[in-house]
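Data first, discussion second: the structure below is written as structure tokens.
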Number of protein chains: 2
Amino acid sequence: MKPKKPAVALPPPVRRSLHRSLAQDIGARILNGEFAPGTLLPNEAEWCESFGVSRTAVREAIKMLMAKGLILSRPKIGSRVQPRSQWNLLDRDVLAWYCAAANPVHFLVHMQQVREILEPETAALAAANRTPEQLAEIEAAFRQMAEAKSLSAWNAADVRFHQAILLAAGNELLVPLGLVIESALGSMFAYTASQRGDIGRTLPGHRKILLAIRNRKPESARLAVRALLRDTGRIVRLVAAARKGPAARRPIAVP
Amino acid sequence: MKPKKPAVALPPPVRRSLHRSLAQDIGARILNGEFAPGTLLPNEAEWCESFGVSRTAVREAIKMLMAKGLILSRPKIGSRVQPRSQWNLLDRDVLAWYCAAANPVHFLVHMQQVREILEPETAALAAANRTPEQLAEIEAAFRQMAEAKSLSAWNAADVRFHQAILLAAGNELLVPLGLVIESALGSMFAYTASQRGDIGRTLPGHRKILLAIRNRKPESARLAVRALLRDTGRIVRLVAAARKGPAARRPIAVP
DNA sequence: AATCTTCGTTTGTATGATAAATAATACAAC
DNA sequence: GTTGTATTATTTATCATACAAACGAAGATT
């Protein structure tokens, strides 16, 4: 009679609240170009009607998009899409929307550029400033990577490895940057890891980085990271070359 | 006499609405350490009482802080301050709060590190990829800088110069990064420009950058920017050395 | 013509009521 | 006693409504 509560039948624990879903929807459509910068969005009442929700929910979604710099709303004017320069593109959500809307190859190329700029220097700083505890964490991540059997396990370890280096660099501003990049790369999973071929191929490259940081050799850390990124860069260029063409705008599959 | 309506009125006369002020207040107190990560914030009703505002305003402020990754609120739990790793430190507001709360010298040192990593490469990319229009904008900014009489005029031109280079680099991800850095540097005005001594002293350094970009010489652009940053770096180190001590935590003056 | 007034539209704020989520507790079953 | 389940209480989430404030635009006034 009492319908036994199914222990855990809900596969999606991401039961996003309403305002989050609305923000997600509207935000994605802005990044998507459906609402270009300078455009006046529909007013609150129209959103309410089109979504079938109350004004409160709509307003809270609007506030979130405001907080991300996507829109600016004022009485009597309405909500206007801000110029792109105001967008908080480095916000996790915004970046995800962008990355889903933009040409994925184009995005990947730019991402690779940023990595090539940041990561060698991050590793060099880590080599210079790491504490013993931070080194231990990097080594633990490396071991986890070496023991990884599945692709996803390897990827998790890889992320841990890079984050540990990031933290060891000891620069509070570099950390969120790195996190953003890695989160975005996670969304591009299909374009990076899965194309990378066999799992442990880059393990020696990672070992070199670890050794350089352990031995406090900034310059060799820099070189080791550059070498590793050359590998990634080759793949990126391959993908870019392969997908030059009309199909390039296909939305990417987010795993 | 009658002040004719200036063609384009002040865009944001900082007439912050209530929810924005609340978000500002609470956000600053989080960054400030008053509410540490993991802490449970007062609930809505208590905020209402302490601020003397309605629940609507409080809730909208909370939503904005949620959008910036500072807090996470759920029914029956309340609003909990997220771990720092979730914070969108690269958000303009969050960075401003952080920069007002943190040790300014410490902050400046990290900022300088990031600049030394990013800006030379940005300039190199600009030298490689600039379009004629982008070059024209850079040159215009340079002229404006050369003609600047006042400190604030010089600073505005300086910002324009760097932003133009940023845009010319042609990397969509680099742009918001640079904007964030410059906006943060703007807040640290007192620590950078005003200490820099006479206005046009770095003009020759800027000219070298301009020439390198005009002549499409990435490597010399890189070197020129590094040279310029060495100058800034010296000042940063000076300030850092001078302010080592108990007074170092004094909040900075935002111009 | 220039300025002031009025008006309508849209967001901002307030208030009260109901729904949903869940930690904590009390309770039942074994 | 231990385990699992039902209840409760508290907090946010959502809805509905009303009014205030900002402001553009049109119209009235000088």
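When only residues in the range A:68-96 that are among the small types (Gly, Ala, Ser) and more than 19 Å from the chain's Cα centre (by Cα) count, which is surrounded by the fewest Cβ atoms within 10 Å (Cβ to Cβ)?
Here the residue is A:Ser85.
Suppose we filter the range B:183-202 for residues that are loosely packed, with under 14 Cβ neighbours inside 10 Å and at pLDDT 80 or above; how many remain?
1
When you check A:Val114 against the structure, is it within 7 Å of chain B (Cβ to nearest Cβ), assigned to a helix (DSSP H, G or I) and closer than 14 Å to B:Leu173 by Cα, yes or no? Give the steps one after another, and end with the answer.
Working: within 7 Å of chain B (Cβ to nearest Cβ): yes; assigned to a helix (DSSP H, G or I): yes; closer than 14 Å to B:Leu173 by Cα: yes.
It is true that A:Val114 is within 7 Å of chain B (Cβ to nearest Cβ), assigned to a helix (DSSP H, G or I) and closer than 14 Å to B:Leu173 by Cα.
Anything in the range B:156-172 that is at the interface with another protein chain (Cβ under 9 Å from one of its Cβ atoms) and acidic (Asp, Glu)? List them, or say none.
Residue satisfying the conditions is B:Glu172 alone.
For the subset of the range A:45-59 comprising residues that are near DNA strand C (Cβ under 10 Å from one of its atoms) and within 13 Å of chain B (Cβ to nearest Cβ), which member is least open to solvent (accessible area, probe 1.4 Å)? Spell out how you get there, then give the answer.
The initial filter retains those residues of the range A:45-59 that are near DNA strand C (Cβ under 10 Å from one of its atoms), namely A:45-48, A:54-56, A:58-59.
Still in the running and within 13 Å of chain B (Cβ to nearest Cβ): A:54-56, A:58-59.
Values: A:Ser54: 64, A:Arg55: 134, A:Thr56: 84, A:Val58: 2, A:Arg59: 54 Å².
Filtering first and then ranking leaves A:Val58.
Under the condition of being of a type in the set (D, E, K, R), within 9 Å of DNA strand D (Cβ to nearest atom) and not in a strand (DSSP E or B), which residue from the range A:60-78 is modelled with the lowest pLDDT? Spell out how you get there, then give the answer.
Of the residues in the range A:60-78, the ones of a type in the set (D, E, K, R) are A:60, A:63, A:68, A:74, A:76.
Narrowing the set further to residues that are within 9 Å of DNA strand D (Cβ to nearest atom) leaves A:60, A:74, A:76.
Add one more test, that the residue is not in a strand (DSSP E or B), and what stays is A:60, A:76.
Numbers: A:Glu60: 97, A:Lys76: 92.
Checking each candidate, the answer is A:Lys76.
Of the residues in the range B:95-108, how many are in a helix (DSSP H, G or I) and within 9 Å of chain A (Cβ to nearest Cβ)? Give the derivation first.
Of the range B:95-108, the ones in a helix (DSSP H, G or I) are B:95-101, B:104-108.
Checking which are within 9 Å of chain A (Cβ to nearest Cβ) leaves us with B:95, B:98, B:106-107.
Counting residues in the range B:95-108 that are in a helix (DSSP H, G or I) and within 9 Å of chain A (Cβ to nearest Cβ) gives 4.
Condition check ((1) over 21 Å from the mean Cα position of the chain (by Cα); (2) open to solvent by 40 Å² or more (accessible area, probe 1.4 Å)) across all residues:
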position: B:Pro104; (1), (2): no, no
position: B:His110; (1), (2): no, no
position: B:Arg115; (1), (2): no, no
position: B:Pro120; (1), (2): no, no
position: B:Leu125; (1), (2): yes, no
position: B:Asn129; (1), (2): yes, yes
position: B:Glu133; (1), (2): yes, yes
position: B:Ala140; (1), (2): yes, no
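Check off (1) at the interface with chain B (Cβ under 10 Å from one of its Cβ atoms); (2) part of a helix (DSSP H, G or I); (3) more than 16 Å from DNA strand C (Cβ to nearest atom) for A:Leu89 and give me the number that stays unchecked.
Against the list (1) at the interface with chain B (Cβ under 10 Å from one of its Cβ atoms); (2) part of a helix (DSSP H, G or I); (3) more than 16 Å from DNA strand C (Cβ to nearest atom), A:Leu89 comes up short only on (2).
Give me a count of the residues in the range A:123-145 that are in contact with a Gly (Cβ under 7 Å, 6 or more places away or on another chain) and either of a type in the set (S, T, N, Q) or more than 14 Å from chain B (Cβ to nearest Cβ) (or both). Steps first, please.
Here is the first cut: in the range A:123-145, the ones in contact with a Gly (Cβ under 7 Å, 6 or more places away or on another chain) are A:125, A:129.
Narrowing the set further to residues that are either of a type in the set (S, T, N, Q) or more than 14 Å from chain B (Cβ to nearest Cβ) (or both) leaves A:129.
Count: 1.
Residues of the range A:142-158 being more than 23 Å from A:Lys217 (Cβ to Cβ) and surrounded by fewer than 17 Cβ atoms within 10 Å (Cβ to Cβ), which ones?
Answer for the range A:142-158, where residues must be more than 23 Å from A:Lys217 (Cβ to Cβ) and surrounded by fewer than 17 Cβ atoms within 10 Å (Cβ to Cβ): A:Gln144, A:Glu147, A:Lys149, A:Ser150, A:Leu151, A:Ser152, A:Ala153, A:Ala156.
For the range B:20-44: of the residues being charged (D, E, K, R) and within 14 Å of chain A (Cβ to nearest Cβ), which is least open to solvent (accessible area, probe 1.4 Å)? Reasoning before the result, please.
Filtering the range B:20-44 for residues charged (D, E, K, R) gives B:20, B:25, B:29, B:34, B:44.
In the following step, the residues that additionally are within 14 Å of chain A (Cβ to nearest Cβ) were identified as B:20, B:44.
On the way: B:Arg20: 79, B:Glu44: 57 Å².
In this case the residue turns out to be B:Glu44.
Check A:Val175 against each of (1) within 14 Å of chain B (Cβ to nearest Cβ); (2) open to solvent by 50 Å² or more (accessible area, probe 1.4 Å); (3) without any contact (Cβ under 8 Å) to a residue 24 or more places away in the chain and name the one condition it does not meet.
A:Val175 satisfies all of (1) within 14 Å of chain B (Cβ to nearest Cβ); (2) open to solvent by 50 Å² or more (accessible area, probe 1.4 Å); (3) without any contact (Cβ under 8 Å) to a residue 24 or more places away in the chain except (2).
Go through the range B:25-44 and report how many residues are β-branched (Val, Ile, Thr) and more than 16 Å from DNA strand C (Cβ to nearest atom). Write out each step before concluding.
Looking only at the range B:25-44, we keep the residues that are β-branched (Val, Ile, Thr), and these are B:26, B:30, B:39.
Still in the list and also more than 16 Å from DNA strand C (Cβ to nearest atom): B:30.
Number satisfying all stated conditions: 1.
The values are calculated or read from the model by the stated rules, or taken from the named source; none is laboratory data. For clarity, every value in this text was computed on a predicted model and none was experimentally measured. Note: ideal-geometry Cβ built from the backbone for every residue, glycine included; neighbour counts use all protein chains shown. Accessible surface areas use protein heavy atoms only, side chains included; no ligands, DNA or RNA. Shrake-Rupley method; radii C 1.70, N 1.55, O 1.52, S 1.80 Å.
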